[in-house]
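In what follows, a structure is listed as structure tokens, so that the remarks can point back to it.
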Amino acid sequence: MATRHIISIGDFNRSEIDRLLDHARQIDSKKYDRNALNGKILAALFFEPSTRTRMSFESAIARLGGTSLSVGSVDACSMAKGETLADTIRVVSGYADAIVIRHPKEGAARLAAEFATVPVINAGDGAGQHPSQTLLDLYTIRQSMPIDKIDVALIGDLRYGRTAHSLASALSLYNARLHTLSPTGLELPDTLVNELTSKGMEIVNHDSIEEMIGTIDVLYVTRMQRERFPDSASYFNVASSYRITPELLSGAKEHLIVLHPLPRVDEIDPRVDESPHARYFEQSKNGVPVRMAMLMDVMQ
Amino acid sequence: MTHTGTADENERLLIRRIRNGTVIDHIDGGEALNVVKILGITGTTQEALSIATNVPSRDMGRKDIVKLTNRELSKEEVDRIALISPHATINIIRNFKVCEKKGVEIPNLIQGLVRCPNPGCISNTNEPIQSKFRVLPTGLHCHYCDWVITKDLTSYII
Ligand SMILES: [Zn+2]
């Protein structure tokens, strides 16, 4: 049997996604074998720091009875000594039963899968893919509503925000309608817009949150990085007009949910945390059952 | 013999017949140098090479022709030409005779020919891999980072 890898959400069809999400729900309701991955070892190769994603994978393997190995820090790893990723992967394949990788270069996980003899899971490669994030985003949406034909707003930096790109691609499988709001220069890339519309997805661009708040089911807020703006004045200008507040949400549908891949900076007013619309902490917690389902999928 | 200046005769005047080798005909006007580039023919190549550009053509208005002596192009080389000139025809010449005539087919995958324009792509590092692009109606898609090349393909040829 060919080794299974999880590299990009684009490699999944809708029924494969649904099957994984169903499995995650089963795990979430505590119906799973706690020794499913007993004796299995997961290698966490994080070539750039992402403490939460790494902890979430480590928690997932531990809950299934397996253990994890991780690289101490980027400085300590052999990549800093000039070894190729291909060599690192070939070596680590001998130490572990699966590899989860995060790397600053786009396409690194796909390369890793070519050289690995064990399954590879992509935990983010540069501005590229981060499929476990997309799966947990979809999982969180599905906890509140069926995903079919919903109206989803993506706001913030949609040019460099990879979580927004992968989510948009996955939502095209569910005939969702997309609403976007982003500062000038940080719009969704044209190639992605063309790809989505060719799949029949409707994309509506907006000038303000107020304009769309009454029509949407999901408000997906992404981080805006200050370094993307020419000066801090223009950053603060945009940041304040994009900030999600309880006042803004008063015009929302009752079942609207607010998601954010976290960590947030100024994008969401802390007062929103108390609102029934806020689901971003739930979303982050969902990372564990979703990653457990992913590990079982490739390691069993 | 009267000179009526037909397209065929102009062509004959421009380039001499070759004994053995490959004639690439019906190249889109102005693309001959890119065809040569795609075939990896450089100043150090041994084969005699002749190029005619903007030759009047009944079907195409104007076309380019490349003649390459003593070299028969492989299927993979030929198909790369389709990326920039899908109407090109390939004539394999042996002892002044056309022994084989074929069109070009756009390949599904091209490896090691084009550099990924994305500076953050893993294929632009010292990893032991060749670049790899899937050829789709929307453009050339990098197998590693999903970057799409939609235009100026020839400027990315390695
Ligand atoms: Zn690339």
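The values are calculated or read from the model by the stated rules, or taken from the named source; none is laboratory data. Predicted, not measured: the structure shown is a model, and the values here were computed from it. Cβ sites come from the backbone with ideal geometry, for glycine too, and all protein chains shown count toward neighbours. Ligands, DNA and RNA are excluded from the accessible area calculation, which covers all protein heavy atoms including side chains. Shrake-Rupley method; radii C 1.70, N 1.55, O 1.52, S 1.80 Å.
Looking only at residues in region A:92-120 that are within 16 Å of A:Glu48 (Cβ to Cβ) and among the charged types (D, E, K, R), the one that is nearest to the ligand (Cβ to nearest atom) is A:Glu106. The residues on offer are B:Asn108, B:Asn126, and the sole one that is surrounded by fewer than 16 Cβ atoms within 10 Å (Cβ to Cβ) and within 14 Å of chain A (Cβ to nearest Cβ) is B:Asn126.
Look at B:Pro56 and say whether it is away from chain A (no Cβ under 14 Å), in a strand (DSSP E or B) and on the phi < 0 side of the Ramachandran plot.
Details: away from chain A (no Cβ under 14 Å): yes; in a strand (DSSP E or B): yes; on the phi < 0 side of the Ramachandran plot: yes.
Against the criterion (away from chain A (no Cβ under 14 Å), in a strand (DSSP E or B) and on the phi < 0 side of the Ramachandran plot), B:Pro56 qualifies.
I'd like the residue in region B:115-136 that is more than 14 Å from the ligand (Cβ to nearest atom) and in a strand (DSSP E or B) and, out of all such residues, is modelled with the lowest pLDDT. Before the answer, list the steps.
First pass over region B:115-136, keeping only residues more than 14 Å from the ligand (Cβ to nearest atom): B:126, B:128, B:135-136.
Remaining after also requiring in a strand (DSSP E or B): B:135-136.
Working: B:Val135: 93, B:Leu136: 90.
Restricting to residues being more than 14 Å from the ligand (Cβ to nearest atom) and in a strand (DSSP E or B), the top hit is B:Leu136.
Here B:Thr138 passes the criteria (1) more than 29 Å from A:Arg90 (Cβ to Cβ); (2) more than 9 Å from chain A (Cβ to nearest Cβ) except the one numbered (2). Considering region A:184-233, and only residues there that are closer than 20 Å to A:Gly10 by Cβ and of a type in the set (Val, Ile, Thr), the residue that is farthest from the other protein chains (Cβ to nearest Cβ) turns out to be A:Thr222.
Checking the conditions here, which among B:Gly112, B:Gly139 is without any contact (Cβ under 8 Å) to a residue 60 or more places away in the chain, farther than 26 Å from B:Thr42 by Cβ and within 16 Å of the ligand (Cβ to nearest atom)? Lay out the reasoning, then the answer.
On the way: B:Gly112 fails: farther than 26 Å from B:Thr42 by Cβ.
Only one candidate passes the filter, namely B:Gly139.
Restricting region A:249-274 to residues that are more than 30 Å from A:Gln129 (Cα to Cα) and touching a helix residue (DSSP H, G or I) at 6+ places or on another chain (Cβ under 6 Å) leaves a set whose member that is surrounded by the most Cβ atoms within 10 Å (Cβ to Cβ) is A:Ala252. Exactly one residue out of A:Arg110, A:Arg142 is away from chain B (no Cβ under 14 Å) and within 25 Å of A:Pro289 (Cα to Cα): that is A:Arg142. From the list A:Ile89, A:Ile101, A:Ile141, A:Ile121, pick out the single residue that is open to solvent by less than 50 Å² (accessible area, probe 1.4 Å) and closer than 30 Å to A:Ile216 by Cβ. Selected residue: A:Ile141, the only one of A:Ile89, A:Ile101, A:Ile141, A:Ile121 that is open to solvent by less than 50 Å² (accessible area, probe 1.4 Å) and closer than 30 Å to A:Ile216 by Cβ.
Can you go through B:Lys132, B:Lys151 and tell me which one is within 14 Å of chain A (Cβ to nearest Cβ), open to solvent by less than 70 Å² (accessible area, probe 1.4 Å) and out of contact with any Ser or Thr (no Cβ under 7 Å at 6 or more places or on another chain)? Even if it seems obvious, please write down each step before you answer.
Numbers: B:Lys151 fails: open to solvent by less than 70 Å² (accessible area, probe 1.4 Å).
Going through B:Lys132, B:Lys151 in turn, just one is within 14 Å of chain A (Cβ to nearest Cβ), open to solvent by less than 70 Å² (accessible area, probe 1.4 Å) and out of contact with any Ser or Thr (no Cβ under 7 Å at 6 or more places or on another chain): B:Lys132.
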